[in-house]
Amino acid sequence: MGRYAGEATADDTERRPVTFIAVTRPGCPPTACSGLSGGIPSLSIEPVKRVQVTDLTVAFRSVGAGAPLVLLHGFLCDSRAWRRQLEDLAEDFRLIAWDAPGAGESSDPPDTFTITDWAECLSGFLDAVAVREANIVGLSWGGLVAQEFYRLYPTRVLRLVLAGTYAGWLGSLGPTVARERLKRCEQQSYLPPGEFVPKWVPVEFFHDASVDLAQEMANVVSSFHPAGFRLMAKSLAEADTTTALEQIAVPVLLLWGEADRRSPVDVAQRLASLIPGAELALIPDAGHVSNMEQPERFSAGLRRFCQATQVD
């Protein structure tokens, strides 16, 4: 493709209008967390359900009614990362947030598992929960799953929302960065949670996290599956989806934290230049996991896009 992050031209951004998302309501209230030093009380969230997909147990949370909105988390996370969207959007959509195999309360996949296997598993999972077609939202690594799912099953996707993601690390960041990131993930995956979590939370995920937000994320990341994490990192390092992006023919929203350091805005601009008709919307004061750092703005962007755009 010739260019990686940091090399988008002025022409790329001129072809795609950029929206800045704001909300008219006050900022989101503090979470119920008590702070880093005091632990984290139980937060209100939908209970986990489980289905069997071939040899894998897949856990998920679901709430609401209406058009299905499927939420795909990033690596080191699970369905708990969508807590605020499960609260904020339940009156508008049937929300389904899975724990991908290798994360949360789902079982670990075999060590041969690839991004194609995750996409095929997602198809089987949607069959199991009686969803034929859906709006698909993928954040970070979940965005790579969403892209592969669309490539394999385009008729099952109504709209596609890609948040803080990549055309793979290889496709968006180039081979050197891809190798460096994979090496780091593989080395650190063997650390105990107490040593691992501070290397990632909050600096890798947020722009300016409150103590409560950092503690909530630390609680999620401390439950990571080492084997699943290594496989997810490997799938990102090996992927280059730039050619496939040009074939997407459903409405696409690129929803990005303006201060994302892991997948900077120039990555989003490059994706916008490749995906026909894609809309790029930036969330101020948000880093990589923008749905947690600015949940009202993120949810507002999802709601507007899914309710305003027409599908064939």
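Each value in this text was obtained by applying a stated rule to the coordinates, not by laboratory testing. The structure displayed is predicted, hence computed values, not measured ones. Because the Cβ atoms are built from the backbone with ideal geometry, glycine has one as well, and the counts that use them run over all protein chains shown.
One residue stands out in region 64-85 among those that are surrounded by fewer than 23 Cβ atoms within 10 Å (Cβ to Cβ) and among the hydrophobic types (A, V, I, L, M, F, W, C): the one that is nearest to Cys121 (Cα to Cα), namely Ala67.
For region 113-133, enumerate the residues that are among the aliphatic types (A, V, I, L, M) and either touching a helix residue (DSSP H, G or I) at 6+ places or on another chain (Cβ under 6 Å) or surrounded by fewer than 20 Cβ atoms within 10 Å (Cβ to Cβ) (or both).
Correct list: Ile115, Ala119, Leu122, Ala128, Val129, Ala130, Val131.
Among the numbered conditions (1) part of a helix (DSSP H, G or I); (2) farther than 21 Å from Val157 by Cα; (3) in contact (Cβ under 8 Å) with a residue 60 or more places away in the chain, the only one that Phe125 does not meet is (2).
Of the residues making up region 275-312, just one is part of a helix (DSSP H, G or I), more than 21 Å from Leu144 (Cβ to Cβ) and hydroxyl-bearing (Ser, Thr, Tyr), namely Ser299.
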